[in-house]
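Before any comments, here is the structure.
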């Protein structure tokens, strides 16, 4: 395997020391190992402490606390709007790819598979950073201020490695049947993710609190938006020929969103009781 250091003599050369890596491939390998460790952390966290406390889970975790003395809260517990949290927390995904593209050699970026992979990644987060937050209702559950820090760190590191891998590390792959299958899965996943997110934001915009979502795949599962997002990431992995960073982001997203969907499913049943359709699955239609 070729041991390159294409970040030398660029403004990003410090990342070798920061990530304790000697070569470009080692940056990717170390990142994949960290992602593998994060899967274990997600499983343990959800089984021991419950869901990550944001959105509905934040409401549950704060239940029973006395919030009457807002000025006495620690600053990281202050509530901030969902729009702001989503936009700022994912901002690196819009900026970092351009930093890598403009500041590094990018010898492998301009081919079908790598460019398609990075485009999929970028379009997903362009939606998450700009479009989706603009649609979030002002009535949406606020986030604790600390919840911005984690996404900022995670998205900065993940976006750098994903872009660096596709631009400077992974040599061009031949376009194959799996490339088109991956693109198709990605388009399907993106459509499902976006369509069902819009249904949810539309319900919240009415200002009547949480309601039972209906229509499309909501008739079959509680979290079709999560199902669509998982499909999108597995489509990306297929497009890039199973590159380790893309496979790991698909695995991490599936595990995290799977736990999140399980919590949401139980939350709906607890809140709406017998009114909530018992036949709905959690995240995968007819399966789970």
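Just so you know, all these numbers are worked out from the coordinates, no wet-lab data involved. The shown structure was predicted, so the numbers you read here are calculated from the model rather than taken from an experiment. Glycine gets a Cβ as well: all are built from the backbone with ideal geometry, and neighbour counts include every protein chain shown.
Return the FRET efficiency for the residue pair residue 156, residue 39: r is the Cβ-Cβ distance, R0 is 22 Å, and the value is rounded to the nearest 0.05. So the FRET efficiency works out to roughly 0.65.
Peptides 156-169, 118-131 ranked from most to least packed give 156-169, 118-131, packing being the mean of other C-beta atoms within 10 angstrom over each peptide's residues. The orientation-averaged shadow of the Cα convex hull for the chain, equal to a quarter of the hull surface, comes to 16.6 nm².
Projected label points at residue 9 and residue 146, each 7 Å from Cα along the beta carbon direction, are separated by 4.6 nanometres. The angle separating the long axis of helix 92-103 from the principal Cα axis of greatest extent in the chain is about 10 degrees. Under the Kirkwood approximation for Rh and a Cα-based Rg, what ratio Rg/Rh is obtained for the range 130-274? My calculation of the ratio gives 1.02.
The length gained by stretching the chain between residue 111 and residue 19 to full extension, at 0.36 nm per residue less their Cα-Cα distance, is 30.4 nm. Spin-label model, residue 175/residue 198: points 7 Å from Cα along the beta carbon direction are separated by 2.9 nm. Once the Cα atoms of helix 177-205 and of the chain are each reduced to a long axis, what angle between those two axes, in degrees from 0 to 90 to the nearest 10, is obtained? The angle comes out near 30 degrees. Both radii are taken from the alpha-carbon atoms of the range 108-154; with Rh as the Kirkwood radius, Rg/Rh is 1.15.
Each 10 Å bin from zero up to the one holding the largest Cα-Cα distance in the range 166-215 carries the following percent of pairs: 20, 28, 22, 16, 13, 1. For residue 191 and residue 286, a Förster radius of 22 Å and the Cβ-Cβ distance give a FRET efficiency of 0.70, rounded to the nearest 0.05. Take the Cα of residue 131, go 7 Å toward its beta carbon, and the backbone nitrogen atoms of the range 178-194 under 18 Å from that spot belong to 183-194. Kindly express, to the nearest 10 degrees and within the range 0 to 90, the angle between helix 112-126's C-alpha long axis and the longest C-alpha principal axis of the chain. For helix 112-126, the angle is close to 30 degrees. Note that the range 7-49 shows a convex hull volume over its alpha carbon atoms of 69 Å³ per residue. So what is the 222 nm mean residue ellipticity for the chain from helices alone, if each DSSP H run of at least 4 adds -39500 (n - 2.57) and you divide by all residues, rounding to the nearest 500 deg cm²/dmol? My calculation for the chain gives -19000 deg cm²/dmol from helical runs alone.
Under a Gaussian network description of the chain, with springs only between Cα atoms under 10 Å, the residue in 56, 271, 232 that fluctuates furthest is 271.
What shape does the range 192-236 take by its C-alpha gyration tensor, where a ≥ b ≥ c are the square roots of the eigenvalues and a/c under 1.5 counts as rounded, a/b above b/c as prolate, and the rest as oblate? It is prolate, given that a/c is not under 1.5 and a/b is the larger ratio.
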